[in-house]
Amino acid sequence: MNKSITLRGLLLAALCLLGLAPLAHAQSDQINLDAGLPTRLEDAYPTAYGNRELQLPVRYQRSRQGDNLVQYTPTLEFGPFRNTQLAVAVPVYSGNGDRSGSGNVQVSGLYNFNTEGKYLPAVALAGTLTLPTGLRSAGTDYNGRFILTKSFLGTLNRLHLNLAYFHNSQPGVQAEGGQLKEERLDRFALLVGYSTRIAPQSSLVVDFVREQRRFRGEMGSSVEAGIRRQMNPRMVLSAGAAAGLGTDADKFTATLGLQHAF
Amino acid sequence: MAFKFITGAGLGLLLAACSASHTTTEPRKEVSYIRGPYNAAFFRRHGESEVLSAGFHFHHGREHDVLLQTKLADREKVDADFDAAVFDFVKNKKSKVGPSMELFGPYTARVAWKLFRTIDWTHQHHEQTYDIMASQRVAWDKKKQWTDRAVKLYLARNKDVARSVAPLDITMRRAACMMKPYFTYYRNFYPKSNSQAWVAHWWHPAIYEAQMLSGNASGGQEAALKAVNDLMFNEVYKNRPQRMILSRELMPRYARMSPESANIFDNLHMLHGLAYDILSYEGWTEQQQRDELYRVIDAMSYQPGDEKYVRKFDLPYPDVDPRQYPAWMAGPEGAMSKIMMEMMMEMMPLMMPDMAPDMKEKMMAQFQMKMRPGMEPGEIEGSLHDAMMKMMPGMKMMPGALEPGKTPDMMRDAMLKGWQEKHGSMPDVPPLDMSQEPTLAPLAR
């Protein structure tokens, strides 16, 4: 039952994306990586000054315990100043997995310090404030991310490094399998990734994530990969998948994403 | 603990990279497109033409890296291979979407980012103006109004990289690069790749003018653009232009409607050529090449007061049909060579005040060969400067003429004075009456 609900959700999301495609006519960029589109890796470059963009990543997640969760994260991203990006998102979850946080409002920002030089990487700082407007949420959480992007070999082969810090202002306790699991107050994640153009309108992104998971004592690693395709001058579609390594990470995730400037 | 170590190592790596870098950091400063009811109209209405434009922009972006990463000794093969690659990209419609410069020129993006900001922003302006002409949501008698708005916002939103609205006659004199050691390198050493650029610079104005001829009605623009595209493959590629065609020659109606946009167009196209000259010159380091690129970008940028020169050009072919390719379009002589010749004549008294008539004749013969693509029998190899110096080793060079990033002020001032004397009092090119919409027959089924 739950599986069919999840599959139906994914199918609907895909149809939504395809249905929107012919209408799109705004500006996006296949090589400009945003977290969740389609992997969690982010590059050091913001959206252009004056840009407005609607994003809709849809992420299916299957846990080690066999729970299914679909995350829809409608996002409005814009460039209010030069080298600066702001975004507002409201993730909504469905499925039989843990839906805590569904409906929270997230306000994010990214500031880019420089474009990369011959030796110097592009550097950016990003952060997100999560307001507890959603399901089973309490306290305002925040996270910060330090981002480096550097190309090599005189080509568009790019390496990215994201170091992310998450703060949970009111860690809770959850019962699972007869055990009480305690949420972490602070946790870190490291993402190391690579992106490149594989065709005039398509780019590939692959990355490795090592993270402290939400509950104490759990560490996760995953390998993610995805494709981003520039559909027209204003729209990028993306698709990706991730496989968890070890016992704590999610078993599998799949993502479809749309970016549509207007 | 591990995370702290990784954090420290990451920051250490960054600092090490910073200290090893001999290039300075530049801000990214990308600017989004200007919003209007016409956005993406050209893409939707003329997708086949957008594909060709994407091919030309592949040439423009990729060529930077090809030149910067190629040894001049390998030029013949590189030139032939790149020419074939561009033709394949254009003919076989490899991309439906016009690329940014960085997509195919990532190395140059790291060496001279401001060059790509300049080109991309001006390409966006051209996209805007094509869209306005293609959009049926913009009535014919409102085309100028929307184009003027696009020009105004183009100049205002990205001031340090916007191209000048003054004609190329003025901006080329400001840039004063004819006696720089790189000038004519690209056309002489990479003639096939250079002629790809000149095909592109024929195609762009031909498309504007085809839109001007056909009006807004369905079918007419489609037919006119198809005729231009067919002409390109059937005639223009087989007998490529031997010079950069200017907007005044091939898009006179559009240039009358929006001389600002037409001049921006010429100024960008000349910047492409100068950038390729600089990047193919091996006498300077990348840092010096960047200094010179940025000097040229600044010299040809919009400067307050440029508005008064906007309509100071002539229209040699006011009734031209862009669906035809007569001999005058293909030949080396035209508005561009006229500008170059004038500049040469303005500089010569400074550099060679006592030149004998027979030497002057030989000099001018060399000059004309250097202006044409490729190497001809009797042509001295190298730049125009190299040829002049070989013929007259005692030629006086102005301060700033040879150094990267420096402007030969005396030369520039003499040329601007020369333009003022020759053309300062010329009448403005007349505006175009946009109240009457032209119509053109649609394609036969």
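The values are calculated or read from the model by the stated rules, or taken from the named source; none is laboratory data. Just so you know, these numbers come straight off a predicted model, no measurement behind them. All Cβ positions, even for glycine, are placed from backbone atoms using ideal geometry, and neighbour counts span all protein chains on display. We work out accessible area using only protein heavy atoms, side chains counted, and drop any ligands, DNA or RNA first. Shrake-Rupley method; radii C 1.70, N 1.55, O 1.52, S 1.80 Å.
For the reader, a short list of remarks on this structure follows.
- Accessible surface, 1.4 Å probe, highest first, among residues B:E437, B:E30: B:E437, B:E30
- Paramagnetic label zone (point 7 Å from Cα along Cα-to-C-beta, A:Q179; backbone N under 16 Å) in the range A:45-69: A:64-66
- Per-residue accessible area (protein heavy atoms, 1.4 Å probe) orders B:S247, B:S100 as B:S100, B:S247, starting from the largest.
- Entries of B:K142/B:K312; B:K152/B:K308; B:K144/B:K312; B:K77/B:K192 with Cα pairs more than 22 Å apart: B:K142/B:K312
- 17 Å reach of a label modelled at B:M364, 7 Å along Cα-to-Cβ, counting backbone N of the range B:291-318: none
- Here, P(r) means the percent of Cα pairs in each 10 Å bin from 0 to the largest distance; for the range A:104-220 it is 12, 32, 30, 18, 7, 1.
- Using a probe of 1.4 Å, the accessible surface attributed to B:D386 totals some 50 Å² when neighbouring protein chains are kept in position.
- Couplings for the range A:243-257, taken from phi via the Karplus curve 6.51 cos²θ - 1.76 cosθ + 1.60 with θ = phi - 60°, read 10, x, 10, x, 9, 9, 6, 4, 5, 7, 9, 9, 10, 10, x Hz in order; Gly and Pro are left as x.
- Within the range B:21-95, the proportion of Cα pairs with more than 15 Å between them is 70 percent.
- Sum of -39500 (n - 2.57) over DSSP H runs of 4+, divided by residues of chain B (222 nm, nearest 500): -18500 deg cm²/dmol
- For chain A, the Rg and Dmax computed from alpha carbons only, in angstrom: 17.9, 56
- Difference of contour (0.36 nm per residue) and Cα-Cα distance, B:K238 to B:T25: 72.3 nm
- For the range B:285-364: rounded, prolate or oblate by the Cα gyration tensor [a/c cutoff 1.5]: oblate
- For A:R234, the residues whose modelled amide H falls within less than 5 Å of its own, excluding neighbours fewer than 5 places apart on the same chain, are A:A26, A:S28.
- Shown in residue order for the range A:106-113 are the 3J(HN,Hα) couplings computed by the Karplus curve 6.51 cos²θ - 1.76 cosθ + 1.60 at θ = phi - 60°: 10, 10, 10, x, 9, 10, 9, 7 Hz (x for Gly and Pro).
- Summarising the label geometry, the points placed 7 Å from Cα in the beta-carbon direction at B:Q324 and B:K226 lie 2.2 nm from one another.
- Against the criterion of solvent-accessible heavy-atom surface with a 1.4 angstrom probe, B:E26, A:E182 sort, most first, into A:E182, B:E26.
- When every Cα-Cα distance of the range B:167-272 is counted in 10 angstrom steps from zero, the calculated P(r) takes the values 14, 39, 33, 12, 2, 0 percent.
- Counted over the range A:38-183 with a bin width of 10 Å, the fraction of Cα pairs per bin, in whole percents, is 11, 32, 34, 17, 6, 0.
- Three principal axis extents describe the C-alpha atoms of the protein assembly as shown; from largest down they are 103, 61, 44 Å.
- Contour minus Cα-Cα distance for B:K390 and B:D74 (0.36 nm per residue): 111.4 nm
- Cα pair distances exceeding 23 angstrom across the range B:350-445, given as percent: 53
- For a straight C-alpha distance cut-off of 20 angstrom, the lysines reachable from B:K226 (same-chain residues fewer than eight places away being disregarded) are B:K91, B:K93, B:K94, B:K96, B:K238.
- Area of A:T133 that stays accessible when all protein chains are in place (1.4 Å probe, Å², to 10): 90
- Proximity of backbone amide H atoms, modeled 1.01 Å from N, is registered between A:L41 and A:G36 at under 5 Å, excluding neighbours fewer than 5 places apart on the same chain.
- Each distinct pair of alpha carbons in the range B:39-337 adds a 1/r term; the inverse of their mean, the Kirkwood radius, is 19.2 Å.
- Screening chain B for whole DSSP H helices with an alpha carbon extent of at least 18 angstrom along the helix axis and a mean Kyte-Doolittle hydropathy of at least 1.0 yields B:2-20.
- For chain A, calculated [θ]222 nm from helices alone, where every DSSP H run of n ≥ 4 adds -39500 (n - 2.57): -2500 deg cm²/dmol
- Sites A:Y142 and A:R229, calculated FRET efficiency, Cβ-Cβ separation with R0 25 Å, nearest 0.05: 0.15
- Cα centroid separation - the range B:390-441 against the range B:109-178, whole Å: 19
- The Cβ shell under 13 Å around B:K142 holds other residues with a net charge of +1, Lys and Arg each +1, Asp and Glu each -1.
- Degrees between helix A:2-20 axis and first principal axis of chain A (Cα, 0 to 90, nearest 10): 20
- In this simple spin-label model, placing a label point 7 Å from the Cα along the Cα-to-Cβ direction at both A:F208 and B:W140 gives a separation of 6.5 nm.
- Rounded, prolate or oblate (a/c below 1.5 giving rounded, otherwise prolate when a/b exceeds b/c) for the range B:223-317 by Cα gyration tensor: oblate
- 16 Å cut-off, amide nitrogen to a point 7 angstrom out along B:N92 Cα→Cβ, residues in the range B:24-60: B:52, B:55-56, B:58-59
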